[in-house]
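Contents: one structure, followed by commentary.
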Amino acid sequence: MKIRRVIGEKGQIVVPKDIREHLGIKPGTKIIFEVKEKEVILRPFKDPKQFVEEFCTVPKKLTKKIDIEKIREKQIEEEYRIH
């Protein structure tokens, strides 16, 4: 997505609604500006502790036990299957 904006007299820009919605940015959201050479990356700020907690949370959809060995065996069978 590319949207052109003009920087105002005070050096301010308005983040377009489509981009705010895509990034989940709402009034009061903390953001990070990251500068890489001649580019600026804008992203919502995530507290490292909150990020780790969300990353380590198991979704409720995974209530069924997964049989890893069965999955591995099936993959091996498919890889070495002679056609």
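Where a number appears in this text, it was derived from the coordinates with a stated rule and is not lab data. Predicted, not measured: the structure shown is a model, and the values here were computed from it. When we count neighbours, we look across all protein chains shown, and the Cβ atoms used for this are built from the backbone with ideal geometry, even at glycine.
Just to be sure, is Arg81 surrounded by 10 or more Cβ atoms within 10 Å (Cβ to Cβ) and basic (Lys, Arg)? Can you show your working first?
On the way: surrounded by 10 or more Cβ atoms within 10 Å (Cβ to Cβ): no; basic (Lys, Arg): yes.
So Arg81 does not fit the description; no.
Touching a residue at least 12 places away in the same chain (Cβ under 8 Å) and either of a type in the set (Gly, Ala, Ser) or outside any strand (DSSP E or B) (or both), is that true of Ile13?
Working: touching a residue at least 12 places away in the same chain (Cβ under 8 Å): no; either of a type in the set (Gly, Ala, Ser) or outside any strand (DSSP E or B) (or both): yes.
The answer is no for Ile13.
Mind checking whether some residue in region 26-35 is in a helix (DSSP H, G or I), on the phi < 0 side of the Ramachandran plot, surrounded by 10 or more Cβ atoms within 10 Å (Cβ to Cβ) and not charged (D, E, K, R)? Let's see the steps before the verdict.
First, the residues of region 26-35 that are in a helix (DSSP H, G or I): none.
There is no residue in region 26-35 that is in a helix (DSSP H, G or I), on the phi < 0 side of the Ramachandran plot, surrounded by 10 or more Cβ atoms within 10 Å (Cβ to Cβ) and not charged (D, E, K, R).
Quick check on my filter: what residues within region 16-46 are farther than 18 Å from Lys2 by Cα and of a type in the set (Gly, Ala, Ser)?
Passing the criteria: only Gly28.
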